[in-house]
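Encoded as structure tokens, the structure appears first; notes follow it.
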Amino acid sequence: MKPHTLSAFDRDLEEIRLKVLTMGGMVEAALISASSALEQRDEELAAKVVQGDRDIDASEEDISKAVVRLLALRQPQADDLRASVAVLKMAGELERLADYAKNMAKRVPVLVNAPVIDGAAGALRRQARLVGQMLKEMLDAFARLDVELARDVITRDVEVDDMTNALFREFITHMMEDPRNITPCLHYIFIAKNIERMGDLVTHGAEHVIFVAEGRQAEMRPKGHSTATIAAPEI
């Protein structure tokens with residue numbers, strides 16, 4: 001009877017893991033589309049990202065229900081319980097990632113009618129592309145329980161922090177040079193900060209992978225300089 005129970009648990013958990021990976025692919029696509037809509041000033045593409053967030057929310061809810069059902073029916077212990085909880089947390093992180101992508105897309109219509117800040121949207125797309133690559137690798141690590149790849153994802157978060165700091169300085173400079181730049185630059189600052197937070201969520205996902213694989217929390221991850229310490233540049 002016990003082998004049968006374990007086999008049923010493994011099968012159910014694998015189905016949930018596949019749902020998480022599918023959801024992760026949806027989030028990755030949302031991030032790419034939102035940053036493309038921002039750079040291309042494409043309101044139609046931005047609207048699709050906003051609408052598509054409903055499907056991601058539904059996926060997260062479906063995964064949560066599946067995990068609760070798994071816990072109730074199989075009553076896993078030790079490693080199995082750890083894996084179940086990690087999957088639940090992973091789905092929550094992905095849902096929050098999608099919210100940040102949606103928020104980026106929602107700002108596109110406002111920025112379309114605002115003064116153009118040369119290079120701003122392209123720089124934000126590069127920042128988003130870095131986080132998107134981290135997300136892809138984190139999902140790969142999750143699929144294979146690849147601890148080394150998960151640790152590599154964690155270390156790359158410093159790049160996102162440093163890029164955010166550089167963007168903040170650039171946008172502050174634009175605002176000081178011309179008051180008309182204040183509105184678009186404030187939106188760009190919020191977007192940059194949201195992308196940085198997306199990087200944090202991806203690293204949390206990588207930490208979940210390490211927790212499942214090794215049964216312990218990941219080491220303290222490195223961080224770049226905080227944007228709270230940025231001073232206004234001299235003009």
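Laboratory data are not the source of any read-out in this text; all were calculated from the coordinates shown. Keep in mind the model is a prediction, meaning the values are calculated, not measured.
Data table
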item	result
For the chain, projected area of the alpha-carbon convex hull averaged over all directions, nm²	13.0
Count of lysine pairs in the stretch 2-229 with Cα separation under 16 Å (8 or more residues apart, or interchain)	9
